[in-house]
Structures are given as C-alpha cells and as structure tokens.
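Trainee: I have a structure I would like to understand better, so I am pasting it below and will then ask my questions one at a time.
The values are calculated or read from the model by the stated rules, or taken from the named source; none is laboratory data. Owing to the predicted nature of the structure, the values given are computational and were not obtained by experimental measurement. Here the Cβ positions follow ideal geometry from the backbone for every residue, glycine too, while neighbour counts run over all protein chains shown.
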There are 2 protein chains.
Amino acid sequence: MHKTKVRVVEDVLDANNTIARANREDFDRAGVKVVNLMSAPGAGKTSLLERALDGLAQQGVRPGVLEGDVQGSFDADRLSLLHVPVTQLNTDGGFGGECHLDANMVRSALPSLPLDEIDLLIIENVGNLVCPAEFRVGADVRMMVASVTEGEEKPLKYPLMFRACELVVINKIDLLEHLDFDLDRFLANLEQVHPGVEYLLTSARTGDGVEALRDRLVAIAARAGAAA
Amino acid sequence: MHKTKVRVVEDVLDANNTIARANREDFDRAGVKVVNLMSAPGAGKTSLLERALDGLAQQGVRPGVLEGDVQGSFDADRLSLLHVPVTQLNTDGGFGGECHLDANMVRSALPSLPLDEIDLLIIENVGNLVCPAEFRVGADVRMMVASVTEGEEKPLKYPLMFRACELVVINKIDLLEHLDFDLDRFLANLEQVHPGVEYLLTSARTGDGVEALRDRLVAIAARAGAAA
C-alpha cells in the first residue's frame, strides 16, 4: 500500500473517529450503554439476540437494537417480534453496498432511535470479520460472535477483529460433536492474538450459555459513566 | 449515499475494471483459465480445494492457486502440500487490512505466478460476502461457496454476491441432519436473486460432491477462448 493510499485511509478513519465520539456523547447523555456486535455472516448474532434480549426487561434493562444489513430487514423483523424497539439501517445505496457500519451511518440513524426508552442499545453490524473492526461507531463495548463451524484458525486470519473485542461469544457449540473443530486449539489461537480476552460458550439453538450472555449484557447496562 | 461519494466509488470501480481487463488479457495470452472463488469466512473454500485440486493433474489440468488473506499463510501452507504452485497475497498493509482482493492486488502478484506451468488458476478471495463481489480481478468465472451452517436467508441478505457467481457450491451438507437449515428454502431464495444459477451440493469433509466440482473445474479449463 503506497503512502497516498495510507493517508487517505487515515483521513477516513480520523473523520470516522470524530463522528464516533459525537455518537458516544449523545449515548452518554441519554444514559444508554451501547454494544457493537460483530461476526462473520451466519455466525448467529440474531439468533443469540432473540434468546438473550428476551428476559432482559425482567432484569430491569430495556434493550433496543440497531440492525445493520446490506439489504433487507429479515433480522429486524425477527427481533421486532420480541417487542423490542428495532431500527433498520441498510448500507446499500446505488453501489453494491457497504460491508460495515461506520460512525456516520449510525449517526444518521440516531433520530430514529428511541434513546429515552432504552438502557442498552445493541448495534448488530454487517456480517464481516474485517472492516467492522476498523470503524468505531461510538459503542461502549465491542463484542463478537465466532461460530465453531468457521474453524480454529480464524483468530489468526482475522486478528484485528478478535483483538478489538472485549468479549468473544463462541456459538453453535451444540454442533461440536459433529465437527472436527478443536476448541482448545481455537482458544490457544485466541489467546495468541488477544491475551486474556474473555469468552463465552453458547448455543443459540439449545440455549446453552445464553443466561451468561444475558448477565453480561445486564452488567454492561449497569456500568458507571452514564449521565442518566 | 450522497453524489460525491457515489462518483468516487464509480471512479474506483472503473479503474479496477481497467486493470482487471489487463489481467484478463495476460491470463488469456498464457492460456490460463481463472476462477475467482469467494465465500464468507469459514465456509470451506480451502478444504474444498484440497479435495478438488487433488486429482486434477490426472485429468490433464495443471492447477495453481493465488491465496488471498488479510494476514498469514495458513491456507497457502495447506494447499502447497498438494504440490500445486501457490502464491500468497496478503491484504494487510499498515491499515487493518483490505476485506477483498482487487484487480491491482492480483496484478501485483502476476510476476510471482508460474502462468506457463498451469492451465487453471484459482484465486481464493478473502472471506467476505460483500466487497469481493464488487471488485473484478480478471477471472473467467466467479464461483462461491455457501455453507449450510450460515442459514437460508443469505442469498437475500447478500444478493450481489449470489448474483455475481455462475456456480454456487453449497458446502457442509454432512451437517444438514444436525441443523434446522431448510435446503428448499435456501434454493428458493437463491432462485429469487439469481434465477437459473447452477449449484452443487458438497461436503469437503466426506467428499460428497467433490467429483462434480472437479469435473466443473476441468470443464472450465477446457473452455474455448484461450490464446494458447
């Protein structure tokens, strides 16, 4: 990559960070904690949210979702069945579609978000293990879902993503017995790129580990630092 | 997306297409057919290639691989065990890494490719269902691998990718009995975004369908139009 390109990229990321900070200030002012949830396509983000968001209200946390997709509103339609406020953000715009959410896209969705009625906003990013990790959107916490069907070497192949997240949710563990996936090797690879990072084992299908994920979301919503 | 951004994007894609045509002319001159192989992370591109490339030589086709990854050479190392020429192309360069191969990256790798010694070049793209479909690299054929673990709605969520490909390889069918995946619904979604597109059912793990994929690669290598 030659120097001009590097400078253009740095400018883009710098502008993005400025807007991300503005988003963060707006979220803080509203007393809303924000999770940027990322994964490869089909790792199970939406299925996990269907399980984990259900029951959050009983624990005193009112969730909302900002659903990022290239096109369509399949996941938003699924989540709205939970009677949780869901805002759809599509990244297609004449072009083939952006492969990630950036701070400005999230900013454009702010007026549609009922920030006064929620405590925790989950931003479900576009399914992609590269660019979503490069663009901050103003979240308190970055979290990712890795499916055991994707193989053990993914932390080594997409290190920025695994390094960017404070929690790695290892999903589809109900399939472990049918796969050659070596969990210990995956965890060693994860430790290599992000030493000490926390992880959870889950199955959105059986519900295994979902309670721990829900507890984690409750804890994030309760973190100090919010204005309200 | 406002107009300026659209114009910048069009310029980028226009420049990319120009370089892709130059690549294509070089491939044609060398008599090499080229497949741009795409998928989400962990759909099984490399495992399928390990199976399908083995035995190609006996059918008179000498394959080569250009391996695209953000970082590392795990897949290239695996494929080089087949005694097939493999060239690694990494997309990280100071930035977090590009999420796709473009024509210029492929062009930069041309001097490392033994075009005189191969008949078929497989370009294994970065694992991503969005941008790889937007950037032509000079291939004769675009092909994708969709894993049944990713869910039925993927053609609707990433339509450009499914529309760009002339063959969709539906992989990991050995897991079908352990999933809620509805193959008929997936095929209906595929037909909706890309009517009449061909597909193959495969399992890189059991070898199911690999012979059909290999036959398909042989047929591509034998297509008319090459200069040599």
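Trainee: If you take the residues in segment A:152-163 that are under 19 Å from residue B:40 (Cβ atoms) and more than 7 Å from chain B (Cβ to nearest Cβ), which one is surrounded by the fewest Cβ atoms within 10 Å (Cβ to Cβ)? Walk me through how you get there before you give the answer.
Mentor: Going through segment A:152-163, the residues under 19 Å from residue B:40 (Cβ atoms) turn out to be A:152-162.
Applying the additional criterion that residues be more than 7 Å from chain B (Cβ to nearest Cβ) yields A:152, A:155, A:161-162.
Values: A:152: 20, A:155: 22, A:161: 30, A:162: 23.
Applying the filter and picking the extreme gives A:152.
Results for (1) among the acidic types (Asp, Glu); (2) crowded, with 19+ Cβ neighbours inside 10 Å; (3) in a helix (DSSP H, G or I), shown as yes or no for each residue.
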{"site": "A:169", "(1), (2), (3)": "no, yes, no"}
{"site": "A:176", "(1), (2), (3)": "no, no, yes"}
{"site": "A:184", "(1), (2), (3)": "yes, no, yes"}
{"site": "A:192", "(1), (2), (3)": "no, no, yes"}
{"site": "A:196", "(1), (2), (3)": "no, no, no"}
{"site": "A:199", "(1), (2), (3)": "no, no, no"}
{"site": "A:207", "(1), (2), (3)": "no, no, no"}
{"site": "A:211", "(1), (2), (3)": "yes, no, yes"}
{"site": "A:219", "(1), (2), (3)": "no, no, yes"}
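Trainee: Test residue A:101 against the criterion of being within 14 Å of another protein chain (Cβ to nearest Cβ), of a type in the set (A, V, I, L, M) and either part of a strand (DSSP E or B) or in contact (Cβ under 8 Å) with a residue 12 or more places away in the chain (or both), and give yes or no.
Mentor: Values: within 14 Å of another protein chain (Cβ to nearest Cβ): yes; of a type in the set (A, V, I, L, M): yes; either part of a strand (DSSP E or B) or in contact (Cβ under 8 Å) with a residue 12 or more places away in the chain (or both): yes.
Taking the combined requirement at face value, the residue satisfies it.
Trainee: Here is a list: B:75, B:28, B:14. Which entry is touching a Ser or Thr at 6+ places or on another chain (Cβ under 6 Å) and either in a strand (DSSP E or B) or not β-branched (Val, Ile, Thr) (or both)?
Mentor: Working: B:28 fails: touching a Ser or Thr at 6+ places or on another chain (Cβ under 6 Å); B:14 fails: touching a Ser or Thr at 6+ places or on another chain (Cβ under 6 Å).
Every option except B:75 fails the conditions.
Trainee: Select from segment B:109-131 the residues that are over 24 Å from residue A:127 (Cβ atoms) and either facing chain A (nearest Cβ under 10 Å) or free of Cβ contacts under 8 Å to residues at least 12 places away in the same chain (or both) and list them in ascending order.
Mentor: Answer for segment B:109-131, where residues must be over 24 Å from residue A:127 (Cβ atoms) and either facing chain A (nearest Cβ under 10 Å) or free of Cβ contacts under 8 Å to residues at least 12 places away in the same chain (or both): just B:111.
Trainee: Let me ask you something else. Only one of these is among the hydrophobic types (A, V, I, L, M, F, W, C), modelled with pLDDT of 95 or more, over 21 Å from residue A:144 (Cα atoms) and part of a helix (DSSP H, G or I): A:52, A:22. Name it.
Mentor: Values: A:52 fails: over 21 Å from residue A:144 (Cα atoms).
Going through A:52, A:22 in turn, just one is among the hydrophobic types (A, V, I, L, M, F, W, C), modelled with pLDDT of 95 or more, over 21 Å from residue A:144 (Cα atoms) and part of a helix (DSSP H, G or I): A:22.
Trainee: Next question. Could you tell me which of the residues B:134, B:211, B:166 is among the acidic types (Asp, Glu) and under 19 Å from residue B:79 (Cα atoms)? Give the steps one after another, and end with the answer.
Mentor: Numbers: B:134 fails: under 19 Å from residue B:79 (Cα atoms); B:166 fails: under 19 Å from residue B:79 (Cα atoms).
The unique qualifying residue is B:211.
Trainee: If you don't mind, there's one more thing I want to ask. Residues of segment B:135-151 being in contact with a Cys (Cβ under 9 Å, 6 or more places away or on another chain) and within 12 Å of chain A (Cβ to nearest Cβ), which ones?
Mentor: Here is the first cut: in segment B:135-151, the ones in contact with a Cys (Cβ under 9 Å, 6 or more places away or on another chain) are B:141-144.
Correct list: B:144 only.
Trainee: Same structure again: Take the conditions farther than 30 Å from residue B:179 by Cα and either modelled with pLDDT of 95 or more or crowded, with 19+ Cβ neighbours inside 10 Å (or both) and apply them to residue A:143. Does it pass? Steps first, please.
Mentor: On the way: farther than 30 Å from residue B:179 by Cα: no; either modelled with pLDDT of 95 or more or crowded, with 19+ Cβ neighbours inside 10 Å (or both): yes.
No: the conditions fail for residue A:143.
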